[in-house]
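Input: a single structure, listed below in structure tokens.
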Amino acid sequence: MIFPIEQFEGLQTPFYYYDKSLLQQTLDTINREAAKYPGYHVHYAVKANVDPTLLKLIRESGLGCDCVSGGEVETCLKAGFPSSKVVFAGVGKSDWEINLALDADIACFNIESIPELEVISQLAVAKGKQARVAIRVNPNVDAHTHKYITTGLSENKFGISMEMLDEVLDVAMKLPNITVIGLHFHIGSQLLELAPFSLLCERINALQEQVEKRGIRLQSINVGGGLGCDYENPDANPIPDFADFFANYAKHLKLRPGQELHFELGRSVVCQCGSLISKVLYVKEGLQKKFVILDAGMSDLIRPALYQAHHKIENISAQAKGEAATDVYDVVGPICESSDCFGENEVLPVTRRGDFVALRSAGAYGQIMASHYNCRRIPASLVL
Ligand code: LLP
């Protein structure tokens, strides 16, 4: 990616820079590839990023949205997404959040427990509304990703285990003002191989048969998100392989005639279009190591500290000048935590105070997870 450094001069760093044209190309690819299969519907998992300009492009491209809080439902409605394309998931929905979604007549609640079903039913009855629900099932598939972003194993706080599906359906079918329209799954995030998704399809095929034996016909299957991004080679792989991803579902999942297949893609939509742009404050020489101290820290991009993630680090000022000499640095932030470190032993062009540094592939789960820790400011957006 060529960064428009001239436009960065004079701006308060750190900030998030988003490349609109890469997002547009990504959306076009998603739409082109999904359109090859009848009944495929893509929703954007808005938890990845809610920058208004990005949301507008995503809405205009026709994606729906997957929300996990009342705040996200409000944000999407405000951004102009039709309520018929809004789904609401989450293991702990508050009453006000459920009421807000009922008032808006959203497409579907992804429900995760019997007590939640009962509360949605009560609140729907009180409003005289019908709540459409999909039951989230843990398919017991290991996503082989970081343990904090693995969700599909059988016993965890998300969803219900497969063994409980019959019982939950029994309850759901009897509750007033509840219509079961589908099943929902999400096995984890940042998956770089398709095998776990194929296994998910096998589980779904078996569950569909089980459900149909009870005379229930499902309008939709929702397989969540999870398609990963290439964090080490963002320029070689700026757009995830959506063709393979959708083709794999088409190959392994037995949809019924007229049945819809929903996806909730977060990271794969916005990851590569965003970078956190920071300035070098100091280059500090220790006994053995040299430290590049950035003005961006874990309050701006928490993924390295929280998931031991690595975002490619580029000294874009030195790159622009064609600086050939390199050195080895630990690249750290200014926050009073040892985990506030973006990379150890990074080989970078010789780096100086005032250089711009880009932390790549930060469009997903970057700005949205920023905090005020140490009373720091939330980084702004620059969308070009
Ligand atoms: N659907 C459900 C039910 C989810 O829980 C998630 C993500 C998604 C869809 C979207 O998944 P994606 O396509 O983005 O993989 N903060 C972490 C990622 C947390 C993902 C949580 N759930 C990170 O920075 O890696």
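The values are calculated or read from the model by the stated rules, or taken from the named source; none is laboratory data. Computed from a predicted structure; not experimentally measured. Reconstructed Cβ throughout: ideal geometry from the backbone, glycine too, with neighbour counts over all protein chains shown. Calculation scope for accessible area: heavy atoms of the full protein, side chains included, ligands and nucleic acids excluded. Shrake-Rupley method; radii C 1.70, N 1.55, O 1.52, S 1.80 Å.
Annotations
- Test: residue in segment 53-68 that is within 29 Å of Leu165 (Cβ to Cβ), in contact with a Gly (Cβ under 9 Å, 6 or more places away or on another chain) and buried (at least 22 other Cβ atoms within 10 Å of the Cβ): yes
- Residue that is farthest from Ala107 (Cα to Cα) [pool: residues in segment 48-70 that are more than 15 Å from the ligand (Cβ to nearest atom) and part of a loop (DSSP other than H, G, I, E, B)]: Asp51
- Counting residues in segment 332-355 that are more than 24 Å from Arg267 (Cα to Cα) and of a type in the set (Phe, Trp, Tyr) gives zero.
- Comparison of Val42, Val91 shows that the only residue that is among the aliphatic types (A, V, I, L, M) and touching a helix residue (DSSP H, G or I) at 6+ places or on another chain (Cβ under 7 Å) is Val42.
- Within segment 281-312, considering residues that are surrounded by 23 or more Cβ atoms within 10 Å (Cβ to Cβ), away from the ligand (no atom under 13 Å from the Cβ) and not charged (D, E, K, R), the one farthest from Gln367 (Cα to Cα): Val292
- Pairs, first under 17 Å from Phe15 (Cβ atoms) in segment 300-323, second in a helix (DSSP H, G or I) and of a type in the set (Lys, Arg), C-beta under 9 Å, six or more apart: His311/Arg303
- Subset tally (residues that are hydrophobic (A, V, I, L, M, F, W, C) and more than 19 Å from Asp295 (Cβ to Cβ)) for segment 321-337: 3
- Identity of the residue in segment 148-163, over 17 Å from Pro196 (Cβ atoms) and loosely packed, with under 15 Cβ neighbours inside 10 Å, that ends up modelled with the highest pLDDT: Glu163
- When residues in segment 20-47 are screened for being among the hydroxyl-bearing types (Ser, Thr, Tyr), under 24 Å from Asn110 (Cα atoms) and surrounded by 16 or more Cβ atoms within 10 Å (Cβ to Cβ), 2 of them pass.
- Among the criteria (1) open to solvent by less than 10 Å² (accessible area, probe 1.4 Å); (2) away from the ligand (no atom under 14 Å from the Cβ); (3) without any contact (Cβ under 8 Å) to a residue 24 or more places away in the chain, the one Ala126 does not fulfil is (1).
- Residue in segment 90-106 that is open to solvent by 50 Å² or more (accessible area, probe 1.4 Å), closer than 25 Å to Cys229 by Cβ and out of contact with any Pro (no Cβ under 6 Å at 6 or more places or on another chain) present: no
- Hey, His252 at pLDDT 95 or above and either in contact with an Asp or Glu (Cβ under 8 Å, 6 or more places away or on another chain) or of a type in the set (S, T, N, Q) (or both) or not: yes
Residue-wise test of (1) out of contact with any Ser or Thr (no Cβ under 7 Å at 6 or more places or on another chain); (2) without any contact (Cβ under 8 Å) to a residue 24 or more places away in the chain; (3) outside any helix (DSSP H, G or I).
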residue	(1), (2), (3)
Leu183	yes, no, yes
Leu199	yes, no, no
Glu202	yes, no, no
Glu209	yes, yes, no
Gly225	no, no, yes
Ile239	no, no, yes
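- Close pairs from segment 262-274: first near the ligand (Cβ under 8 Å from one of its atoms), partner acidic (Asp, Glu), Cβ under 6 Å, at least 6 apart: Glu264/Asp66
- Residue in segment 164-195 that is surrounded by the fewest Cβ atoms within 10 Å (Cβ to Cβ), counting only those that are over 20 Å from Gln259 (Cα atoms) and of a type in the set (Val, Ile, Thr): Val171
- Qualifying residues in segment 221-257 (those that are of a type in the set (S, T, N, Q) and away from the ligand (no atom under 14 Å from the Cβ)) - the one least open to solvent (accessible area, probe 1.4 Å): Asn248
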